[in-house]
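Heads up: the structure comes next, in structure tokens.
What follows is calculated from the coordinates using simple rules that are stated; it is not laboratory data. Just so you know, these numbers come straight off a predicted model, no measurement behind them. Methodologically, a virtual Cβ is constructed for each residue, glycine included, from the backbone with ideal geometry; neighbour enumeration extends over all protein chains shown.
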Amino acid sequence: MTERRGYNHGAAIKYLGIGRRSFEALVRPHLTPVRIGNSLIFDRVDLDQVMDRFKSGELPDGSEADHNGGGNGWPTTEEGAFKWAEKRRASRPKSTEPGRSTRYGGVADFASVASSVMKRRRAG
């Protein structure tokens, strides 16, 4: 039995032995798949050529320095570490007091809450 020449997306990833995200970011831009029916088929020869280009150093390997260094949208420091975003405020502009409901605007005192509970209890 001969080795097959065409691989679908999942089989191409498995053939190269890498993850889906690495495949999409590092390998897929260098491939030209063929559409057969509803499937995209990647040629084994093309996959081997891309692998050879990685081995020769012609293509970046996606190491941490290359990946964080540019273009991925994350701000970096000179050492290459992330600068984390400042913590965002809650959806409400002012903080609430402990034990206070944020659902209603006014503060109800104990007597008004107790009377409303008793009215519901008598009614129901």
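Some values worked out for this structure:
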quantity	calculated
Prolate/oblate/rounded label for segment 6-69 (Cα gyration tensor, a/c 1.5)	prolate
Environment charge of Q49, counting only residues whose C-beta is closer than 11 Å and scoring Lys/Arg +1, Asp/Glu -1	-2
